[in-house]
Amino acid sequence: MSRRTVLPGSTSADGRPATLGVMGGGQLGRMFVQAAQRMGYLTAVLDPDPTSPAGLVSPYHIQADYLDEQGLAQLMQRSSAITTEFENVPAAALVTLGSQRPVAPSADAVAICQDRVLEKAHFRLSGVPCAPHAVITAPAELQAVPDELLPRILKTARMGYDGKGQVRVSTRAELQAAWDGLEQAPCVLEALLPLEREISVVLARSSQGEVVSFPVQENLHRQGILAVTQVPAPHVPQALQQQALEAARALAQSMNYVGVLCVEFFVLQDGRLVANEMAPRPHNSGHYTVDACDVSQFDLQVRTLAGLPLVQPTLLAPAVMLNLLGDVWFDAAGAARTPPWADVLSVPGVHLHLYGKLSARKGRKMGHLTVTAGTPEQARERALQACTMLGLPAF
Ligand code: ADP
Ligand code: MG
């Protein structure tokens with residue numbers, strides 16, 4: 001459906017107060033809902049989980065499966081425009097929603113971002129370098145992989161996240177076992193690249209093609225999960241940052257993308273920049289924007305969805321974001337505990353975000369801390385203090 005502006009506090013022709021809908025009720029949905037509510041919108045969340053983080057804070061929570069026709073009909077009935085908070089939302093659901101309401105990002109863009117094969121083809125089409133890879137969809141393609149190609153990483157084309165759905169393989173036997181372990185699903189077999197570091201870019205693009213972007217973020221992953229984000233990126237030369245911003249912009253442009261997009265990149269040891277993957281939504285590495293920028297990635301998600309003007313965000317303070325995984329809810333002996341929030345909150349510049357998840361599991365994203373300060377060194381110093389208090393490794 002064509003776009004039109006949904007002004008905050010307005011009422012539609014059928015008397016509905018301006019309501020923004022979101023597919024998915026995780027923490028990204030929760031922060032979207034909070035940003036939308038601050039601007040006066042009502043919100044509607046569709047998520048089957050009765051205790052979903054976004055469902056808990058939204059006036060309308062439609063508890064239904066993502067393909068449930070009645071659920072989708074209710075979401076459309078409530079909402080003036082609809083977005084998504086996770087890339088694995090079924091494309092068919094977005095097509096249905098898009099037939100009656102403005103949906104951003106579009107089903108086509110989400111389809112590219114949710115499939116590593118299409119995503120890599122899009123990198124190539126846009127002239128953005130990515131890792132050398134082979135597509136594996138049939139036993140013959142697996143057999144055809146030359147021995148010299150190994151070691152590599154086998155990644156499922158769809159549904160992988162936080163390092164799940166990927167296996168490092170060194171031998172042909174390991175490759176076969178890994179593919180069997182992934183139920184012979186379509187995969188990419190990707191070259192293991194010599195990483196110097198990882199960075200990401202979050203941008204927002206309007207339906208008129210305006211693009212604004214946040215500064216380049218430098219990310220540290222542990223066990224395939226984002227652990228620390230630092231902004232400004234302490235170790236990335238300006239020219240490379242500029243290259244990443246331009247590549248992200250080109251990728252958005254060539255998808256005719258509307259919404260917030262994150263592009264993850266590898267910086268290789270020889271200084272080259274390689275695109276890793278895209279997320280058609282705000283991203284964990286952009287969470288610092290809530291506390292450290294004048295507009296956040298979620299504010300821009302609201303603006304792109306509602307057809308409001310985009311403004312170039314300004315970084316107000318250097319920031320370090322620490323992810324709080326469920327591991328922090330257990331002491332060294334493995335006993336459950338409440339993390340020492342009072343200590344952590346005694347550190348100046350600490351902003352605590354908890355997502356309201358009812359149970360902590362190791363590796364589960366429970367919240368994050370953003371630490372701001374007058375200088376990058378001070379932000380890092382304060383973040384390290386918080387790490388010590390929480391039993392997190394230094395960075
Ligand atoms: P996910 O969807 O799980 O985030 P990614 O493709 O981003 O999947 O991989 C997770 C992490 O694994 C990356 O952030 C990086 O640290 C590491 N990794 C992934 N692909 C490669 C590669 N080709 N070479 C080296 N490290 C990689
Ligand atoms: Mg990733």
Computed E for Asn88/Arg124 - FRET, C-beta separation, R0 35 angstrom, nearest 0.05: 0.95
Just tell me which lysines come within less than 28 Å, Cα to Cα, of Lys357; anything on the same chain fewer than 8 places away is out. Lys164, Lys365
Beta carbons within 10 angstrom, averaged per residue: use that to sort the peptides 18-29, 363-374, highest first. 18-29, 363-374
Sequence-distant or interchain residues sharing an amide H contact under 5 Å with Ala227, placed H: which? Leu220, His221, Arg222
State the Cα centre-to-centre distance between region 1-59 and region 153-232 in whole Å. 29 Å
Can you work out ³J(HN,Hα) from phi for every residue in region 107-119, in order, using Karplus 6.51 cos²θ - 1.76 cosθ + 1.60 and θ = phi - 60°, giving whole Hz and x for Gly and Pro? 4, 5, 5, 5, 4, 5, 6, 8, 9, 4, 5, 5, 4
Got a sec to turn the phi values of region 243-249 into Karplus ³J(HN,Hα) couplings, 6.51 cos²θ - 1.76 cosθ + 1.60 with θ = phi - 60°, whole Hz, x for Gly and Pro? 4, 5, 4, 5, 5, 4, 5
Accessible area per residue, Å², region 49-144 with all protein chains present, probe 1.4 Å: 43 Å²
Highest-MSF residue in the chain out of Val117, Val302, Val33 [GNM, Cα springs under 10 Å]: Val117
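At R0 = 41 Å, how high is the FRET efficiency between Ala13 and Glu196 if r is their beta carbon distance? Nearest 0.05 is fine.
Details: r = 55 Å, r/R0 = 1.34.
The calculated FRET efficiency here is 0.15.
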Spelling out what I want: for every residue of region 22-32, take phi, set θ = phi - 60°, compute 6.51 cos²θ - 1.76 cosθ + 1.60 (Karplus), and round to whole Hz; glycine and proline get x. 9, 7, x, x, x, 5, 5, x, 4, 6, 5
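Rounded, prolate or oblate for region 192-346? Axes are the square roots of the Cα gyration tensor eigenvalues, ordered a ≥ b ≥ c, and the cut-off for rounded is a/c under 1.5.
Working: a/c = 2.04, a/b = 1.38, b/c = 1.48.
Verdict is oblate for region 192-346.
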Specify the inter-centroid distance of region 242-293 and region 315-339, based on alpha-carbon positions, in whole Å. 25 Å
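Going highest first, how would you order 124-135, 192-203 by mean Cβ packing within 10 Å? Write down the numbers at each step before the final one.
Details: 124-135: 16.2, 192-203: 19.3.
Those peptides, ordered most packed to least, come out 192-203, 124-135.
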Could you work out [θ]222 nm for the chain from helices alone, using -39500 (n - 2.57) per DSSP H run of at least four and dividing by all its residues? Round to the nearest 500 deg cm²/dmol. -8500 deg cm²/dmol
Straight distance only, please: which aspartates and glutamates reach the Cα of Lys120 with their own Cα at less than 18 Å, same-chain residues fewer than 8 apart left out? Glu87, Asp108, Glu141, Glu190, Glu198, Glu246, Glu264, Glu277
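Give the peptides 327-340, 224-237 in descending order of average Cβ contacts within 10 Å, highest first. Before the final figure, lay out the partial values.
Numbers: 327-340: 12.4, 224-237: 18.9.
The most tightly packed comes first, giving 224-237, 327-340.
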Considering amide H positions built from the backbone, and no H for Pro or chain starts, which residues 5 or more places from Asn276, or on another chain, come under 5 Å of its amide H? Glu264, Phe265, Phe266
What shape does region 282-330 have by the C-alpha gyration tensor, where a ≥ b ≥ c are the square roots of the eigenvalues, rounded means a/c under 1.5, and otherwise prolate means a/b greater than b/c and oblate the rest? oblate
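From the square roots a ≥ b ≥ c of the eigenvalues of the alpha-carbon gyration tensor of region 277-395, which class results: rounded (a/c under 1.5), prolate (a/b over b/c), or oblate? Write out the running numbers ahead of the final one.
Values: a/c = 2.53, a/b = 1.49, b/c = 1.70.
Oblate, because a/c is 1.5 or more while a/b does not exceed b/c.
The values are calculated or read from the model by the stated rules, or taken from the named source; none is laboratory data. Small disclaimer: the values here were computed from a predicted structure and weren't measured. For neighbour counting, all protein chains shown are included, and Cβ atoms are generated from backbone atoms with ideal geometry for every residue, glycine included. Calculation scope for accessible area: heavy atoms of the full protein, side chains included, ligands and nucleic acids excluded. Shrake-Rupley method; radii C 1.70, N 1.55, O 1.52, S 1.80 Å.
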